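Colleague: Sending over a structure as C-alpha cells; questions will come in a sec.
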Amino acid sequence: MRANDVIQQFAASGVETCFHDRHISPQIYAGLNGSNWSLKDYEARGGYQALRKILGKDGGEGLTQDQVIATVKESSLRGRGGAGFPTGLKWSFMPRQFPGQKYLVCNSDEGEPGTCKDRDILQFNPHIVIEGMAIAAYAMGISVGYNYIHGEIFAAYDRFEAALEEARAAGLLGDKILGSNFSFQLHAAHGFGAYICGEETALLESLEGKKGQPRFKPPFPASFGLYGKPTTINNTETFAAVPWIIRNGGQAYLECGKPNNGGTKIYSVSGDVERPGNYEIPMGTPFSKLLELAGGVRTGRKLKAVIPGGSSSPVLPASVIMDCTMDYDSIAKAGSMLGSGAVIVMDDSRCMVKALQRLSYFYMHESCGQCTPCREGTGWLSRMVDRIETGQGRPSDMDLLDNVAENIQGRTICALGDAAAMPVRAMIKHFRHEFEYHVAHKTCMVPAYV
Amino acid sequence: MISDQTKARFAREVAKYPAEQKQSAVMACLAIVQQELGHVSPDSEREVAAYLGMPPMAVHEVTTFYNMYNQHPVGKYKLNVCTNLPCQLRNGQQALHHLEKKLGVSMGETTPDGLFTLQQSECLGACADAPVLLVNDRSMCSFMSDEKLDQLVDGIRAAEGK
C-alpha cells in the first residue's frame, strides 16, 4: 500500500460528527451523507432556489436588495462566528452606493478550540455557503468575495474549490448569474496556522498577504476592509443559514428558535461525552437536551463544568449550565457567552487547574504580539497557572491571576486579550478552591485525571 | 529553483486577486513551496518575493508568523498532534506521548531515518474527532487511538520500505 493510501484510511468520514439522526429540525446538515455534496445533489435538496428567487428566475418577481436585507433582519439571524451580531443589521451597514470595489468575506478560519462545525459544512454541504454568499453579495451590491478557510482543514479547502468550479460552470457564479445583471466572483483562500486570523481584521490582513495582526476599530470593515475597501465579513454558518431564510421567510426562521435568537444553531460538543460531534438544533433548546443528544456524560461520571461557547467563553459549573437553554441570551444571562457554539464538557474527574493550564498556554502561543498587555500578560498567566499545577504556586497567586487577567481585558486592540482573560477569571471565580488546594497541598484535589 | 510547474500553481492563486494585489497569494504560494520541497528556505522566500513583487522580508514575516510553515527541513512525514483542551480531554496528550515512545523521539524532533517529525499542535478544528493529528499539513487523521497510531506509523514505514 502507498503511504498516502495508508494516511487516507484515517480520514474522518463525518458519520460520527455529522451524519446521524440526533439533530433536531436541521436546516444546514439536513439530508447529508458525505457523498451528496455536489451541485446536482444540492439542487435536489432545494439548493439555489433562494438565489433563483431573489433574481426572479423562479417565475416570481425577484427580491430587491432592501427586501433581502429586511428578510434577514426579520429572521433575527445572529452571527454564528462568536459575537452574535445581528446579520441583517451588519448587512445594512454596507454603503451600497459606494462607487468603488466592495468585498464580501466568509470567515471559515475555524480555530476556536472546541469548534468544528464549519469544517463539516464546507466538506459536506459547500454549495449552501456559496449560495448564501451569493445572496449576501446581491443584497449589498458586492461583486467579489473570498472564503478564508482554516489552514489545518485542507480537505475542506479542496472541497470548497471543487464546489466553486461546479457553480461557475453552471452559471451560478461569475458574470451575469443565471442571465441576470448580477455578477459575483467568489474565490477560496486558506490560512496556515494562526488562531488570531479568526479575528476579522486579522483575517483581512492575512488575506492581503501579511502577518495576521488585528487592526484598530474603528474604522470598521464596512468602511475600511479588504484593501481598504468596504467589506462585510460573516461566519460560514451564518452564510449557510441564509438560503433557508430566503426560501421560507424571516418569520419562519425566527419561529424555529426563540425571540431575538432565530433559527437553528450547530453546536460542536467535545470532551467528556459519549458521542462527541456536531448537533444542529433550534435556538433555545435546553442544554440538558443537547447533552442527551451527545450521549450524556461519559459512563460512570457526573457533569462538573461546561465551557459553552469555545475556549474563550467563561466556564460554567454544572448546576448553572443545566438550567440554561442554548441561545445567546440565556448563556449571557448565566455569565458566559454562546460564542461559536463549541460546547466543551468536563466530568468530575477533571482538574480545573490542568484545564486552565492548557488553555493559558494556547493563548500565550497564539497572541500575535502586537499589544503589550496581551503579549506579556498571556505569558504571565500561563507561567502562573503552570507553577500552580506543578506544585510551585503561592497563596497570593489566585488574586494575582485575577488581577493580571483584569489588566489584559479591555486593554488590547482585538478580543484575543479578552479571550485569554475570561477563562482565567471564570475558573478562579467558580473553582477557586481547586486552585487553593493545589497551592496548599502541592497536588491535585481531583484523584484521577488525564 | 522554482519549477515552471510550480509557477503554474502560483499563477492560479495570483489570479484570484486584483492585479495590483498579488501579495495576497503569498500564503498559498508558500504552502505550495512547502508541499513540493518540504520546507520554506530563505532562497524559496526570495523566489516567491520576486514572483509576487514584494520585499523578501515581507515574505519572511509571513513564514515566521504562521505556525504551519516549516522554516527548516523536517522529516518526510510531519505529524502534528493536537493537544488543546478538547483533545486533551479525549487522550490527545496521550496520543502525543504514544507517538514519542513509538518513534523514539521527543516532540519537536525528527527520527534518525528522516521519516518522521513529531510536533505538538494547537487546535486543528476537528475537536469532535479527537484524538486528531495532521500529516504533512494537508491530511487529517481522526479518532487516533494508540492502536490506530501504530497502524499509521507501521503502514507508512512499510510503504517506505523501512
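The numbers here are math on the coordinates, done by the rules we state, and not lab data. Remember, predicted model here, so these are calculated numbers, not experimental data. Glycine also receives a Cβ, built like all others from the backbone with ideal geometry; neighbour counts cover every protein chain displayed.
Colleague: Using only atoms on other chains, find how many Cβ atoms lie within 10 Å of each Cβ of peptide A:297-307 and report the average.
Modeller: Going residue by residue through A:297-307 and averaging, the value is 0.
Colleague: Amide H of A:LEU316 versus every other amide H placed in the peptide plane: which residues, excluding those fewer than 5 positions away on the same chain, fall under 5 Å?
Modeller: So A:LEU316 has HN proximity to A:VAL306, A:ILE307.
Colleague: Okay, moving on. Give the whole-number value, in cubic angstrom per residue, of the convex hull volume spanned by the C-alpha atoms of segment B:26-162.
Modeller: 102 Å³
Colleague: Compute the acute angle (0 to 90°) between the alpha-carbon long axis of helix B:26-37 and the principal axis of greatest extent of the alpha-carbon atoms of chain B; round to the nearest 10°.
Modeller: 60 degrees
Colleague: Further, regarding this structure: Tell me, what HN-Hα J-couplings in whole Hz come from the Karplus equation 6.51 cos²θ - 1.76 cosθ + 1.60 at θ = phi - 60° for each residue of segment A:170-183, using x for Gly and Pro?
Modeller: Karplus-based 3J(HN,Hα) across segment A:170-183 equals 8, x, 8, 9, x, 7, 6, 4, 6, x, 8, 8, 8, 10 Hz.
Colleague: Please say if segment A:58-217 is rounded, prolate or oblate, where rounded means a/c under 1.5 for a ≥ b ≥ c the square roots of the C-alpha gyration tensor eigenvalues, and otherwise the choice is prolate for a/b larger than b/c and oblate otherwise?
Modeller: prolate
Colleague: Would you mind checking the tilt of helix B:146-159 against the longest principal axis of the Cα atoms of chain B, expressed as 0 to 90 degrees and rounded to 10?
Modeller: Computed tilt is about 60 degrees.
Colleague: Could you tell me the center-to-center distance, by alpha carbons, between segment A:1-79 and segment A:294-333 in angstrom?
Modeller: Measuring centre to centre over Cα atoms gives 28 Å.
Colleague: Considering the dipole of chain A built from charges on the beta carbon (Lys and Arg +1, Asp and Glu -1) around the Cα centre, which of A:ALA162, A:ALA240, A:PRO95 is farthest to its positive end?
Modeller: Of the listed residues, the answer is A:PRO95.
Colleague: Per-residue HN-Hα couplings for segment A:343-351, Karplus 6.51 cos²θ - 1.76 cosθ + 1.60 at θ = phi - 60°, whole Hz, x for Gly and Pro?
Modeller: 9, 9, 9, 10, 9, 6, 8, 8, 8
Colleague: Turning to a different aspect of this structure: Over chain A, what relative contact order in percent results from Cα pairs under 8 Å that are six or more residues apart?
Modeller: Relative contact order of chain A: 16 percent.
Colleague: When the Karplus curve 6.51 cos²θ - 1.76 cosθ + 1.60 is applied with θ = phi - 60°, which whole-Hz ³J(HN,Hα) does each residue of segment B:100-115 get, with x for Gly and Pro?
Modeller: 4, 5, 4, 8, x, 10, 8, 4, x, 9, 10, 5, x, 7, x, 7
Colleague: Positive end of the dipole of the protein assembly as shown, charges at C-beta (+1 Lys, Arg; -1 Asp, Glu), about the Cα centre: which of A:TYR437, A:ALA50, A:GLN9 has its Cα farthest in that direction?
Modeller: A:ALA50
Colleague: Using only alpha carbons, build the gyration tensor for the protein assembly as shown and give me the equivalent ellipsoid semi-axes, biggest first, whole Å.
Modeller: For the protein assembly as shown, the semi-axes come out at 36, 30, 24 Å.
Colleague: Under 17 Å Cα-Cα from A:LYS289, which lysines qualify once same-chain neighbours fewer than 8 residues away are excluded?
Modeller: A:LYS258, A:LYS265, A:LYS302, A:LYS304
Colleague: Counting only other chains, and only Cβ atoms inside 10 Å, what mean value do you get across the residues of A:151-158?
Modeller: Neighbouring Cβ atoms belonging to other protein chains average 6 per residue here.
Colleague: Then there's this: How large is the helix-only mean residue ellipticity at 222 nm for chain A, computed as the sum of -39500 (n - 2.57) over DSSP H runs with n ≥ 4, divided by its residue count, in deg cm²/dmol to the nearest 500?
Modeller: Value at 222 nm, helices only: -12500 deg cm²/dmol.
Colleague: Considering the dipole of the protein assembly as shown built from charges on the beta carbon (Lys and Arg +1, Asp and Glu -1) around the Cα centre, which of B:GLY75, A:GLY81, B:GLY125 is farthest to its positive end?
Modeller: Final value for the positive-end residue is A:GLY81.
Colleague: List every residue whose amide H lies under 5 Å from the amide H of A:THR264, counting only residues 5 or more places away in sequence or on a different chain, with H placed 1.01 Å from N in the peptide plane.
Modeller: Answer set, sorted by chain and number: A:MET283.
Colleague: Now a separate question. What residues have an amide H closer than 5 Å to that of A:ALA189, excluding those fewer than 5 places away on the same chain, when H is modeled at 1.01 Å from N in the peptide plane?
Modeller: A:ASN147, A:TYR148, A:ILE149
Colleague: Please list A:238-251, B:80-93, A:2-15, A:109-122 highest first by mean number of surrounding beta-carbon atoms within 10 Å per residue.
Modeller: A:109-122, B:80-93, A:238-251, A:2-15
Colleague: Could I ask something else about it? Mind running the shape call on segment A:186-244? Use the C-alpha gyration tensor, a ≥ b ≥ c as the square roots of the eigenvalues: rounded below 1.5 for a/c, prolate if a/b tops b/c, oblate otherwise.
Modeller: oblate
Colleague: Give me a single rounded figure for B:128-137: the average over its residues of other chain Cβ atoms within 10 Å of their Cβ.
Modeller: 6
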